[in-house]
1. Where Rh is the Kirkwood radius over the Cα pairs of the chain, the temperature 4 °C and the viscosity 1.567 mPa s, what D in µm²/s does Stokes-Einstein return?
2. Any chance you could give the angle, 0 to 90 degrees and rounded to 10, that helix 55-77 forms with the longest Cα principal axis of the chain?
3. For Q45 and L4, what is the calculated FRET efficiency with R₀ set at 30 Å and r taken between the beta-carbons, to the nearest 0.05?
4. With the full set of protein chains in place, find how many percent of the accessible area of the chain is carbon and sulfur; take the probe as 1.4 Å.
5. With a 1.4 Å probe and all protein chains kept in place, how much accessible area does D24 have, in Å² rounded to the nearest 10?
6. Rank M21, S67, A56 by how far each Cα sits towards the positive end of the charge dipole of the chain (+1 on Lys, Arg Cβ; -1 on Asp, Glu Cβ) and give me just the farthest.
7. Between V17 and W38, what is the spin-label point distance in nm, taking each point 7 Å from the Cα along the Cα→C-beta axis?
8. Leaving out ligands and nucleic acids, note down the accessible area per residue over the chain with a 1.4 angstrom probe, in whole Å².
Amino acid sequence: GRGLTGEQGVIIPSANVDDLMLRDMVVEAVADGRFHVWAVESIDQGIELLTGRPAAEVHAAAKARLSLLAETMRAYDNPGS
């Protein structure tokens, strides 16, 4: 079913915390642990929160995948080399 499971939430920049305005129902859900508001200082903190992995590990995996794709594209563009 639908509803709040305690796993949902939003990520916002830490700089926006002081200006955050939430409806009472959202404040209650946060207080009850059914919804979360995560404030992050950097993109890397968001990456770690979303993936559960160190940001450096995620960046390395992305770089490796992009390198493989670039290599494949070069081979495709130059089939005889």
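The values are calculated or read from the model by the stated rules, or taken from the named source; none is laboratory data. All values derive from a computational prediction rather than experimental measurement. In this analysis, Cβ positions are derived from the backbone assuming ideal geometry, glycine residues included, and neighbour counts consider all displayed protein chains. For the accessible areas, the whole protein counts, side chains as well, though only heavy atoms, and no ligand, DNA or RNA atoms are used. Shrake-Rupley method; radii C 1.70, N 1.55, O 1.52, S 1.80 Å.
1. The calculation lands on 81 µm²/s.
2. 30 degrees
3. Numbers: r = 23 Å, r/R0 = 0.78.
Computed FRET efficiency for Q45 and L4: 0.80.
4. On the way: 3800 of 6700 Å².
Looking at the chain in its full context, I get 57 percent from C and S.
5. My reading of the accessible area for D24 is about 120 Å².
6. Result: S67.
7. Distance between the two pseudo-spin positions: 1.5 nm.
8. It amounts to 83 Å² per residue over the chain.
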